[in-house]
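The values are calculated or read from the model by the stated rules, or taken from the named source; none is laboratory data. The model shown is predicted, which means the values in this text are computed figures rather than measured ones. Only protein heavy atoms, including side chains, enter the accessible area calculation; ligands, DNA and RNA are left aside. Shrake-Rupley method; radii C 1.70, N 1.55, O 1.52, S 1.80 Å.
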Amino acid sequence: MLFRSKAWWFSGLFPIIFLVSALVSGCGLMLFLYAMWGKRDNDYENLLSGLKGYLVMFIGIDIILFIADVLVGLYGGVPEHTAVFHEVMFGKYALLFWGGQIFTAWVLPIVISSTSNKPGALAFAGFCVFVGIISVRYLLVIPAYLV
């Protein structure tokens with residue numbers, strides 16, 4: 001019996017992307033929890049601002065790594081890899097990719113964090129990240145079994 005790795009997972013960036021994605025989701029969850037239920041003392045605003053800054057930085061790193069992974073995968077021209085990319089971005093999983101990963105996990109939190117310092121808005125941004133990362137995890141695992 002021959003065992004092979006899935007082309008979708010065959011990237012040197014995959015472990016790093018997985019770790020950075022964990023930093024994004026953890027920071028988003030911490031921002032949500034602290035904005036909602038954190039102790040409102042003298043450090044509250046500074047901690048929210050710091051969490052917001054880390055969240056935007058981790059999302060930026062995640063985006064850069066994702067783009068690098070896509071470019072390396074497409075440049076390699078492995079048919080199984082490009083078929084999964086096409087299915088995720090334009091096929092059956094496109095709504096989850098564009099709505100869940102791109103908009104909910106990345107764009108919306110960056111826009112909210114860049115335009116507001118209100119705890120409620122930052123809590124919503126953190127919650128969006130946490131929910132959006134669920135779609136990221138789903139898109140990392142399930143589409144690999146398509147091809």
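Counting only protein heavy atoms and a probe of 1.4 Å, the accessible surface of the range 35-129 is 70% carbon and sulfur.
Projecting the alpha carbon convex hull of the range 79-147 along each direction and taking the average yields 4.5 nm². Whole-percent P(r), the chain, all Cα pairs, 10 Å bins from 0: 12, 39, 28, 15, 6, 1, 0. In summary, the helical segments of the chain meeting the span-like criteria, namely a full DSSP H run, a Cα extent along the axis of 18 angstrom or more and a mean Kyte-Doolittle hydropathy of at least -1.0, are 14-37, 44-76, 119-141. For the range 8-62, report the % of Cα-Cα distances exceeding 12 Å. Cα-Cα pairs in the range 8-62 separated by more than 12 Å: 66 percent.
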